[in-house]
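Taking it in order: structure first as structure tokens, then the write-up.
None of the figures in this text is laboratory data; all of them are computed from the coordinates on show. Source: prediction; values computed, not measured. Ideal geometry is used to build each Cβ from the backbone, glycine not excepted, and the neighbour counts take in all protein chains shown.
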Amino acid sequence: MLKSPIQELSLFYDLEWVPDAAGSKRLFDLPEETTEIEAMQRLWEHSPQYDAEKNPRPFLKYMFSRVVSIAFLSRKLVYRDGEKVPEFSLNSLPKLPVESDDVDEAAIIDRFLYIIGDRRPQLVGYNSSESDLQVLIQRGIINEITAPQFNLRPGKPWEGPDYFDSRNSDAHLDLLTKFSNRGGMSPRLDELAKLCGFPGKIDVKGDQVTDLWLARDLTKIVEYNQIDTLNTYLVWLRVVYFAGQISEEDYMIEQDLFREFLENEMQKPEKAFLKEFLNKWPG
């Protein structure tokens, strides 16, 4: 099921994006006074799937999607008392607490790609090979970013991770591909997480992100983004247990360690929202 054993360092990630209003103005030569929602509306109407009644906000091509948040959970194996145990770190770009109601898209993409290139972790996402990774690449190019370390293509598997070779490598592991490759039969992350007994989404759904952005509730977007990375990690843990890469004892221990990590995190004022996540994940 999996092409490689559990890695020393894994990064579970997720992106949130909204229609690119500034790009819409350039693409359609709209007047400068065009409002953000008007520019977004022009992009929706440009989509072949647009239907004013049945589908007023169709899914847009990735190049039309402005990244507003990148969340990532780091899982690193470290030695404690002579044994290897996972150590976790939950982060986002922008960071919590959010100090502005706007986002420098180029800056957060550049920083995230630098982190990947510098640390060379295994990347783990959900539907990430067809969405998040494509958004990173396309928006990185549009924003004139250079990411040489991220784009390295090693000649041999042992020479380092290749994030673009999903056929022969799990350097970029898209969990969705382990469940289905048949469109409508593919489970959503929220569905799969909840069926596994994990919290899933809490109080925000993906189709609410644009409205939250227009209301400049960036904090809510980042919190939602981080919740998705937590669910992605928990689904991954269930997958590696199913694949026999972790014993039942270690599987239970790791869940306890992760709960302990979240309990410590939620003590931070900006991470108080994690309490509801833990409440929905009984021990």
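The residue 52 and residue 101 beta-carbon pair, evaluated with R₀ = 51 Å, returns a calculated FRET efficiency of approximately 0.95. Helical runs assigned H by DSSP (4 residues or longer) give the chain a calculated mean residue ellipticity at 222 nm of -11500 deg cm²/dmol, each run adding -39500 (n - 2.57) before division by the residue total.
Let me test this: with uniform point scatterers at the alpha carbons of region 70-131, what is the Debye-based log₁₀ I(q)/I(0) at q = 0.13 1/Å? Here the Debye-derived log intensity ratios amount to -0.48. Just to be sure I understand: with springs between alpha-carbon atoms less than 10 Å apart, which residue in 24, 131, 100 has the highest mean-square fluctuation in the Gaussian network model of the chain? Looking only at 24, 131, 100, the biggest GNM fluctuation is shown by 100. Cβ-to-Cβ counts within 10 Å put 16, 265, 159 in ascending order as 159, 265, 16, the fewest first. Summing +1 for each Lys or Arg and -1 for each Asp or Glu, what net charge is found among the other residues whose Cβ lies under 14 Å from the Cβ of residue 190? Result for the neighbourhood of residue 190: 0. The Stokes-Einstein estimate for region 1-96, based on a Kirkwood radius over Cα pairs and taken at 37 °C with 0.692 mPa s viscosity, is a diffusion coefficient of 196 µm²/s. The C-alpha atoms of the chain define a longest principal axis, and helix 132-142 lies at about 50 degrees to it.
By the beta-carbon count within 10 Å of each Cβ, the least crowded to most crowded order of 112, 258, fewest first, is 258, 112. From Cα pairs below 8 angstrom and at least 6 apart in sequence, can you work out the relative contact order of the chain, rounded to a whole percent? Once normalised by length, the contact order is 22 percent. Computed from Cα atoms, the angle from the helix 248-265 axis to the main principal axis of the chain rounds to 50 degrees. Spin-label model, residue 33 to residue 83: label points 7 Å out along the Cα-to-beta-carbon direction sit 6.9 nm apart.
Once the chain from residue 267 to residue 219 is taken as fully extended at 0.36 nm per residue, the excess over their C-alpha distance is 15.6 nm. A protection proxy built from the mean count of other Cβ atoms within 10 Å ranks the segments 204-216, 115-127, 166-178, most packed first, as 115-127, 166-178, 204-216. Taking the chain as a Gaussian network of alpha-carbon nodes connected by springs under 10 Å, the highest mean-square fluctuation of the residues 252, 266, 185 belongs to 185.
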